[in-house]
Amino acid sequence: MNRRQIAVLGFLGSLAVMGLLLSIVGLERIGTALSTASPGLLALVGLFGLGQVSAWGLSLRTVMGSLDEPVSRRKGIALYASAMFANNVTPFGQAGGEPVTAYVINRVTDTRFETGLAAIATVDAAHVFTSISIAVTGGLLTVTVFSPNQQLTLVVLGVLGLGVAVGVAGSLLVRYRRSIARGLEVPVADAIHRLGAAFPDRLANLLQTARSRFANFQGDLGRIAANQRTLVLALGYSTAGWLFEVGALSLALWGLGGPVPVATLLVIIPVGKLAGFVPLPGGFGSIEAMLVGLLVATTPVAGGMATAAVLLHRAATYWLPTILGGSVSLALGVTTRWG
């Protein structure tokens, strides 16, 4: 199948999951809950969604600056909106969207493709780290300040275990990154050399170019890792983006009459995003189902209200960035340079 057929199948799968979720919860109950949403509530939730895009765009801008490719705040935010569009319409999210984003960065800023890939990969890695940190913080607050039920306790323990595992793995990767890179460099170079010797000159040149680009990508990652100020700022903006997303769901629940402690949402949001690894565009359908299931299982919020709040939240953090990013990507089809 070609990419278009895969995308169509992905969206059909998402619609099937969404249809199943809505039918299980009940359209009437969801509609009743949504009918209480005021225009002011919708605007506030939307503003939090824009806040998330802006914060993560500034994270990308910070990383680009460390690579001697400075961009304006507006351009950084627009570039990240384009990245979110690519992630939200591509199955497996970041795995399929990062190369597209790197290509967009390449067109807009005249940077090397591998430089753009290193920048967006760093930002996405920061998101993973900060999401786990936020979930661990929420779990500790829930256990020490609130009185979680058995289901929430299990979720918290799972998050804490995942946080420890990722922390240990990340520390080992950072500490031994040079040794790992050197260990990979020899077999990769040997494989490229063998392939180049076995195929015609044109393919050999292509493989040599790939080797050069990999070296550039590795060098750019090293430059980012060596800049502590960049890493701190990127992590700070990434954390702010997650807090905007938590705030969007918190506001939606509060406005519909089902407030949930923010500490609980600090756990639920990152755990719910794990459903994005399902091969559906941007986790559309799977993330909604996961968030609703977590809310119903761990809080007193009823299914209809939980689903309504999640739909408002996802409208601000999925559909709004997708529309904005799609507009940016469409504009890039007309012009490749803007200030």
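The values are calculated or read from the model by the stated rules, or taken from the named source; none is laboratory data. The shown structure was predicted, so the numbers you read here are calculated from the model rather than taken from an experiment. Backbone-built Cβ (ideal geometry, glycine too); neighbour counts: all protein chains shown. Areas reflect the complete protein model, heavy atoms only, side chains present, ligands, DNA and RNA absent. Shrake-Rupley method; radii C 1.70, N 1.55, O 1.52, S 1.80 Å.
Annotation: Trp56 fulfils all but one of (1) at pLDDT 90 or above; (2) surrounded by fewer than 21 Cβ atoms within 10 Å (Cβ to Cβ); (3) under 19 Å from Thr317 (Cα atoms); the unmet one is (2).
Within segment 40-84, the residues that satisfy the criterion of being closer than 18 Å to Ser327 by Cα and of a type in the set (S, T, N, Q) are Gln52, Ser54, Ser82. For the condition surrounded by 21 or more Cβ atoms within 10 Å (Cβ to Cβ) and either aromatic (Phe, Trp, Tyr) or part of a helix (DSSP H, G or I) (or both), what is the one hit in Ala43, Ala83, Ala125? Matching residue, one of Ala43, Ala83, Ala125: Ala83.
Scan segment 68-77 and tell me whether some residue there is in contact with a Phe, Trp or Tyr (Cβ under 6 Å, 6 or more places away or on another chain) and not in a loop (DSSP other than H, G, I, E, B). Among the residues of segment 68-77, not one is in contact with a Phe, Trp or Tyr (Cβ under 6 Å, 6 or more places away or on another chain) and not in a loop (DSSP other than H, G, I, E, B), which makes the answer no. Check segment 295-310 and report whether any residue there is closer than 17 Å to Ile134 by Cα, assigned to a helix (DSSP H, G or I), open to solvent by less than 20 Å² (accessible area, probe 1.4 Å) and not aromatic (Phe, Trp, Tyr). No, there is no match, as no residue in segment 295-310 is closer than 17 Å to Ile134 by Cα, assigned to a helix (DSSP H, G or I), open to solvent by less than 20 Å² (accessible area, probe 1.4 Å) and not aromatic (Phe, Trp, Tyr).
Which ones in segment 256-288 are part of a helix (DSSP H, G or I), open to solvent by less than 30 Å² (accessible area, probe 1.4 Å) and of a type outside the set (Val, Ile, Thr)? Ala263, Leu265, Leu266, Pro270, Gly272, Ala275, Gly276, Pro281, Gly282, Gly283, Ser286, Glu288 - these are the residues of segment 256-288 that are part of a helix (DSSP H, G or I), open to solvent by less than 30 Å² (accessible area, probe 1.4 Å) and of a type outside the set (Val, Ile, Thr).
In a residue-by-residue description of segment 325-336, the property of being at pLDDT 85 or above and open to solvent by 10 Å² or more (accessible area, probe 1.4 Å) applies to at least one position. Among the residues of segment 129-150, the ones that are open to solvent by 40 Å² or more (accessible area, probe 1.4 Å), in a helix (DSSP H, G or I) and either modelled with pLDDT under 70 or in contact with a Gly (Cβ under 9 Å, 6 or more places away or on another chain) (or both) come to 3 in all. Determine whether Leu243 is modelled with pLDDT of 90 or more and under 20 Å from the mean Cα position of the chain (by Cα). Yes, satisfied. Filtering segment 231-252 to residues that are open to solvent by 10 Å² or more (accessible area, probe 1.4 Å) and either touching a helix residue (DSSP H, G or I) at 6+ places or on another chain (Cβ under 7 Å) or more than 17 Å from Gly57 (Cα to Cα) (or both) leaves Leu233, Leu235, Tyr237, Thr239, Ala240, Trp242, Phe244, Gly247, Ser250, Leu251. Taking the listed residues Val310, Val271, the one that is over 30 Å from Lys75 (Cβ atoms) and at pLDDT below 90 is Val271, with no other qualifying.
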